[in-house]
Amino acid sequence: MSTKRHLIIPAIIAAILAVIGDLLVVFVLHLPPGHATTAANDDTFTGQVFTIISWSVGIAVVTFAVYFLFLSARTPEETSFRRVYLRRHLGLQAAWLATSVVLVLFAAEVGVVALEGQVSPNLVVPASALAAGATHDPLIVQVIGQQWQFTYRYPQYGGFETNQLRLPTDRLIQFDVTSLDVSHSFSAYQLAVKIDAISGINNVGYVYILKPTVIDVRCGELCGLWHGYMTDVGSQAGEAVTQSQFASWVSYAQRVYGPQEQNLPKFALTYYPAPTTY
Amino acid sequence: MSQTAIASGRAPVGFSARRLFLTQNLVTACIVGIVAGIIAYWVGAQLDTTDNGDAGILLGYIVGAAGFLITLGFANDVILRLRGRPSASLVKEAEGKGWTQYFGISLDHKVVGIQFAVGVVLMFFLAGFQAMMIRTDLLYQTGGPWPAGQYTTLVGLHGLMMMFVATLVLIGSVGNYFIPIMIGAKRMAFPRLEAFAFWLVPLGAFILYSTIFAGFGGGFNTGWYLYAPLSVEARTGMDGAIVGFAFIGTAAAIAGINLLVTIFVMRAPGMTWSRMPIFAWSMVAVEFLSALAPPVLATALIMVGMDRAVHSSFFEAAAGGTTFLYEEMFWFFGHPEVYIFIIPAFGIALEILPVFARRPLFGYRLSVAGMMGVSMMSWFVWNHHIFTSGIAPGLRPFFMTATEFISIPTGVVFLALLGTLWKSSLRFKLPLLFVLALFFNFLIGGLTGVFLSDVPLDTTLHDGFFVVGHFHYTILGAEIFALYAATYYWFPKITGKMMNERLGKLHFWTAFIFFNTTFLPFFVVGYLGMIRRSPVYAANLHGLNIWISINAFLFGLSNLIYLINVIYSWAFQKERAPANPWESRSIEWQLPTPIPADNFDRIPTIVGGPYDYGDPNARPVAEWPDSGGSLPSPVPAT
């Protein structure tokens, strides 16, 4: 009788705490990075799922452990060994393993579903972006990491280069990310995009923006002396705007940055700078 | 007190200048090492006409280190054998060697264990001081008192040094000291290699710290994982970082092979696999990693060194190399490495828990299977560190799923915790408190790890403070708390004195509370987009960072309480501890304190399991043969 009771009581406490916490996660806690893009939607959703799983598992373990601590304070040391003999328990161990396998498979499935469409080596557009209305004619934006700034080229508009990131909403965007020197990481927080910029490599990522937003761009990979200052924060640096605003910005940018185009190397997927002299 | 010593013909203790400067000891080794290093640097600089002196510096470090080790006496036995002389005996009594044995080559695994413990804990406090400096800098939102370059060097020093500490703190100290005793052996399988592994550690730490001086390059700016091509292009301080790191990797590999062989071949009669203490099992699980992973790291570091010194361009894209080669090699080492940190902590926690619960360890076999499972699966998850680097997209689901699956064998230790706590009669002594705190911290550390395994979520959290919080919860919150627990538990066995209870309680509560108040906000700032290794951060995170810094300082002070407690209890406490204060069944507590040089006069026969607490009919763990019938040692003493 008492054995069952001492398992049911903590189970009920754990279930109540888990449900309270999970409801808070769903309805009160607004997890970043928000809902500006389809990728951000995926991140926010998987974040919620993982927070719910973690909170439920964590609070269950803590509740049982704390309950057993209180229970053991009332258990005399001389208790007959046979009565509390619990060196192994096949059913319990099997149930524990089965539960963790189910949880892990569920977590993995959540991740795999979010990756759908991205898993092919042929750079398939993410399924969530297509579902939101993306078509297969992406706006190509080349992100070039260099010590210590990101610059952006728009090859479909003459290949001008700028250090302002302007992106249109409701259009599939293809980032071609590369680096001129060491490894950087192009991380645009609100877009839920983080793509390493590696010299000699063209890393491709897609994003489909749902609503206008400010874009904070930071370098995620340690890239030397001024790594910490390789940030572009605020609307001056990065912004997602509506399609018409984007079109007018492009014509402005072509006027301002276009004349410098002949000084730039021809557009390419990667650039090999001259070897550094020591 | 009798102690084992090397038969290098060293004279007994007693000060004389002639002995200090003309025999093989730490002083002469340092002098020869420095002189050899300077000469080698000069030669290398003459040979190297292309560059800014990397070849000279690398050569200087390596030759200097070799000079140090040879002068200390590591070549003596080799030279004896080359000259056709009989090799020195491993178990030679040398009466009254006293404290000097701690500053030389000792073939006594207990002395090496103390050397490791003291050396590595000192390194822990050194690197912890860097953590305090980092937190001071982060009090300011746009760069604190240190210039950007020095801040990155601080981060790199803290990271690399803590990596050294975490790799060796449990394996080197608790492993070396107690594994031979726990399995009923008189010594380690390879005592000279054991001493060699230790002496690489201060050497590696010294070389790493030498990089902060301007003449050696004035720091390095790559953090602890030294990503190429940044590490190829970095200033000459990088040379010291790669040499130091390679030495520590070598030390870990050597210590790993040594412990593995010891456990496999030197167990006492009757010490079957199912009677082995769980800590010894954790050592088996971890030493496969420790022996096999660091060589990959050493190879990668040698390639970086060659890229720097002779322009071999393994990693330079402009010359046909690729940084992916470095990233893959580094994390192929790097992920097993983090399980090198945590598996011994599991072992210590599950070793200590039944003693204070007065109940058998629940699910002993499942726990062993869990640790072995973690050990094996950790070879198949390394790409989750480079999800955003542009690896083939088809690899990502596999590594995501594999990473999540590793939480199944890991979770088994929590079942062992719950099952052992069930209707136990706990004795709330200090070691138990730290073990319970360890489980709480590791629960958070483990669950946040599952967040990072998920590719979409990792896109947001990667390279941010969420990751930093995660691994501080697992390494600091679990491994270092295991170090605390091990200290409070085994201190009476090592020194014959109890740790001070009141200071210990103060240490426990401050450490547990301030650890959590420091590192829980890491998850928040990380989720809000704070990037690692950056002295500047968004304005809205300023308040949280001030909170973190203040709590980090308090956590640092709490560690000083630990240090004070160890020193006070060891040096100033008068009263002797009882022979077996925790009423443990384990063999090491059945021996006299201090433990004799060769551990056992007679090798015991193991007749019972180690965790039969609460069973009035349990057999004792070991039976010692009568003085007449001494059993043979499992390996012939040469």
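The values are calculated or read from the model by the stated rules, or taken from the named source; none is laboratory data. Quantities reported herein were computed from a predicted structural model and do not represent experimental measurements. Here Cβ is always computed from backbone atoms with ideal geometry, including for glycine, and neighbour counts include all displayed protein chains.
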Exercise for review: Pairs only if they're at least six apart or on different chains, beta carbon under 6 angstrom, first in the range B:500-514 and β-branched (Val, Ile, Thr), second at pLDDT 95 or above; list them, first residue then second.
Suggested key: B:Thr510/B:Ser558
Study note, to complete from the structure: Counting only residues that are under 15 Å from B:Tyr488 (Cα atoms) and more than 24 Å from the chain's Cα centre (by Cα), the range B:499-539 contains a total of 7
Practice item. Please give the number of the condition B:Val174 fails out of (1) closer than 30 Å to B:Asp54 by Cα; (2) surrounded by 21 or more Cβ atoms within 10 Å (Cβ to Cβ). Key: (1)
Review point. Just a yes or no: is a residue in the range A:103-122 closer than 20 Å to A:Val256 by Cβ and at pLDDT 90 or above?
Key: no
Review point. What do you reckon, is B:Lys497 of a type in the set (D, E, K, R), surrounded by 18 or more Cβ atoms within 10 Å (Cβ to Cβ) and in a helix (DSSP H, G or I)?
Key: no
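Identify all residues within the range A:174-232 that are part of a loop (DSSP other than H, G, I, E, B), more than 8 Å from chain B (Cβ to nearest Cβ) and in contact with a strand residue (DSSP E or B) (Cβ under 7 Å, 6 or more places away or on another chain); write none if there are none.
Once the filter is applied, which keeps residues that are part of a loop (DSSP other than H, G, I, E, B), more than 8 Å from chain B (Cβ to nearest Cβ) and in contact with a strand residue (DSSP E or B) (Cβ under 7 Å, 6 or more places away or on another chain), the range A:174-232 yields A:Leu180, A:Gln190, A:Leu191, A:Asn202, A:Leu210, A:Pro212, A:Ile215, A:Met230.
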Point to revise | Leading residue by the ranking (nearest to the other protein chains (Cβ to nearest Cβ)) among those in the range A:144-173 that are of a type in the set (S, T, N, Q) and crowded, with 19+ Cβ neighbours inside 10 Å | key: A:Gln146
**Study point:** Unique match (being surrounded by 22 or more Cβ atoms within 10 Å (Cβ to Cβ) and at pLDDT 90 or above) among B:Ala241, B:Ala234, B:Ala189, B:Ala228
**Key:** B:Ala241
Revision key, fill the gap. Looking across the range A:25-46 at residues that are in a helix (DSSP H, G or I) and more than 10 Å from chain B (Cβ to nearest Cβ), the single one that is nearest to the chain's Cα centre (by Cα) is A:Thr38
Check your understanding: Hey, any hits in the range B:471-481 for a residue that's of a type in the set (A, V, I, L, M), in a helix (DSSP H, G or I), within 7 Å of another protein chain (Cβ to nearest Cβ) and without any contact (Cβ under 8 Å) to a residue 60 or more places away in the chain?
Key -> no
Review point. Just one of B:Val155, B:Val174 is within 14 Å of another protein chain (Cβ to nearest Cβ) and modelled with pLDDT of 90 or more; which is it?
Key: B:Val155
Exercise for review: From the list A:Val62, A:Val57, A:Val49, pick out the single residue that is more than 8 Å from chain B (Cβ to nearest Cβ), assigned to a helix (DSSP H, G or I), on the phi < 0 side of the Ramachandran plot and modelled with pLDDT of 85 or more.
Suggested key: A:Val49
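Rundown of residues vs (1) hydroxyl-bearing (Ser, Thr, Tyr); (2) within 14 Å of another protein chain (Cβ to nearest Cβ); (3) more than 17 Å from B:Pro344 (Cα to Cα), yes/no style:
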| site | (1), (2), (3) |
| --- | --- |
| B:Met276 | no, no, no |
| B:Val286 | no, no, no |
| B:Ile302 | no, no, yes |
| B:Thr322 | yes, yes, yes |
Exercise for review: Read through the list (1) farther than 30 Å from B:Gly218 by Cα; (2) within 13 Å of another protein chain (Cβ to nearest Cβ); (3) among the hydroxyl-bearing types (Ser, Thr, Tyr), then give the number of the only condition that A:Tyr252 fails.
Suggested key: (2)
Review point. What number of residues within the range B:472-521 are of a type in the set (Asp, Glu) and either more than 22 Å from B:Arg576 (Cβ to Cβ) or modelled with pLDDT of 95 or more (or both)?
Key: 1
Revision key, fill the gap. Just one listed residue, out of B:Phe523, B:Phe512, B:Phe519, B:Phe572, is within 29 Å of B:Asn221 (Cα to Cα) and either out of contact with any helix residue (DSSP H, G or I) (no Cβ under 8 Å at 6 or more places or on another chain) or buried (at least 22 other Cβ atoms within 10 Å of the Cβ) (or both), and it is B:Phe519
**Study point:** Within the range B:522-553, tally of residues that are under 20 Å from B:Gly159 (Cα atoms) and more than 14 Å from every other protein chain (Cβ to nearest Cβ)
**Key:** 6
Check your understanding: How do the helices (runs of 4 or more DSSP H) wholly within the range B:174-288 filter down when requiring 2 or more residues that are within 30 Å of B:Ile386 (Cα to Cα): which remain?
Key -> B:191-210, B:230-233, B:237-265
Revision key, fill the gap. The residue from B:Met283, B:Met271, B:Met266, B:Met329 that alone is more than 19 Å from B:Ala189 (Cβ to Cβ) and touching a residue at least 24 places away in the same chain (Cβ under 8 Å) is B:Met329
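Considering only the range B:320-327, I want to know if a residue exists there that is of a type in the set (Asp, Glu) and assigned to a loop (DSSP other than H, G, I, E, B).
No, every residue in the range B:320-327 fails to be of a type in the set (Asp, Glu) and assigned to a loop (DSSP other than H, G, I, E, B).
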